[in-house]
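For reference, the structure discussed in these notes is given below.
The values are calculated or read from the model by the stated rules, or taken from the named source; none is laboratory data. Not measured: the values here are computed from a predicted model. We place every Cβ from the backbone using ideal geometry, glycine too, and count neighbours over all the protein chains shown.
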Amino acid sequence: MKAIILAGGLGTRIRGAISEALPKPMAPVNGKPFLEYVLHHLTQHKVNQIILAVGYKYERIQDYFGSSFGQAEISYSVETEPLGTGGAISVALDLIAEADTPVLVLNGDTYFPIDYGSLLEQHIQKKAGISLALKFLEDNSRYGSVKLDNQDRVVAFTEKQAAGQGLINGGVYLIERNIFQNQVLPDKFSFEEFLANKVTDLPLAGIVFDSYFRDMGIPEDYQKLQNELSAQL
């Protein structure tokens, strides 16, 4: 299995908690870069090629991880200017040779260690073009929510609102390589906006997982990771 990790974010919301010299995915968690936890889980699930879509201070990531992690090959898709999540995925896909293989895409600031084999199996069963790994939260006010029909097709994305329970986008996707073909898209675009705009046009499946979930986007959750991930590596 192949994977793209979106690791180019500036991390402006947690700059008070980590050094300006560090790209966000390299934020230390119990003495190890956060990205190392994500890579470790990927390689435990037979992911053998990982593309790191990087930008801000990417040299720190490249110097630390080099060209491999465990048995997985690592390569780098370097943004000279921010491309948005969609632009970064589009460029990174060109580094994967196999044209007919679904590709994992992960947010580099979220830890959601799901069973990727199960995601792939259900992606194939549902004949999806894009499958989203979803997480049920009692309070989804930070994230907005994802609505499914009775066939697990995504039918709507709702904006952030007052506290309430529901399914959120966990930041882990399985996408078909040709998903951007025949789409008129700018070089810079948001993948999340692409999904919202194409929800009625593309076969989007939502797969619910009950795995641990933590987004390190705010200082409070970044601090929680220090304790919660202590036994992961």
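It is to be established whether one or more residues within the range 42-56 are under 28 Å from Phe189 (Cα atoms) and either free of Cβ contacts under 8 Å to residues at least 24 places away in the same chain or part of a helix (DSSP H, G or I) (or both). Yes: one or more hits. Of the residues contained in the range 185-200, none is found to be among the aromatic types (Phe, Trp, Tyr), under 18 Å from Ser131 (Cβ atoms) and in contact with a strand residue (DSSP E or B) (Cβ under 7 Å, 6 or more places away or on another chain).
Only one of the numbered conditions (1) without any contact (Cβ under 8 Å) to a residue 60 or more places away in the chain; (2) within 21 Å of Asp201 (Cα to Cα); (3) in contact with a strand residue (DSSP E or B) (Cβ under 6 Å, 6 or more places away or on another chain); (4) polar (S, T, N, Q) is not met by Asn140, and that is (2). For the range 76-83, indicate whether the set of residues that are at pLDDT 95 or above, small (Gly, Ala, Ser) and touching a Leu at 6+ places or on another chain (Cβ under 9 Å) is non-empty. Checking the range 76-83: at least one residue is at pLDDT 95 or above, small (Gly, Ala, Ser) and touching a Leu at 6+ places or on another chain (Cβ under 9 Å).
What number of residues within the range 144-164 satisfy the criterion of being among the acidic types (Asp, Glu), loosely packed, with under 12 Cβ neighbours inside 10 Å and under 13 Å from Ala205 (Cβ atoms)? Of the residues in that region, 1 qualify.
Filtering Asn178, Asn169 for residues that are in contact with a Leu (Cβ under 7 Å, 6 or more places away or on another chain), among the polar types (S, T, N, Q) and in contact (Cβ under 8 Å) with a residue 24 or more places away in the chain leaves a single hit, Asn169.
Applying the criterion of at least 3 residues that are modelled with pLDDT of 95 or more and not charged (D, E, K, R) to the strands (runs of 3 or more DSSP E) found wholly in the range 153-231 leaves 166-175, 204-208. If you go through the range 91-120 and keep only what is within 15 Å of Lys2 (Cα to Cα) and acidic (Asp, Glu), you end up with Asp94, Glu98, Asp100, Asp115. If only residues of the range 165-213 that are more than 21 Å from Asp109 (Cα to Cα) and of a type in the set (Val, Ile, Thr) are counted, the one that is surrounded by the most Cβ atoms within 10 Å (Cβ to Cβ) is Ile179.
Here Lys135 qualifies as outside any loop (DSSP other than H, G, I, E, B), basic (Lys, Arg) and touching a residue at least 40 places away in the same chain (Cβ under 8 Å). In the set (1) touching a helix residue (DSSP H, G or I) at 6+ places or on another chain (Cβ under 9 Å); (2) of a type in the set (Gly, Ala, Ser); (3) farther than 19 Å from Glu121 by Cα, Ser230 fails one condition alone, (1). Return a yes/no flag: does the range 10-30 have any residue that is assigned to a strand (DSSP E or B) and at pLDDT 95 or above. No, because not a single residue in the range 10-30 is assigned to a strand (DSSP E or B) and at pLDDT 95 or above. Is it the case that Glu79 is within 18 Å of Val103 (Cα to Cα) and charged (D, E, K, R)? The answer is no for Glu79.
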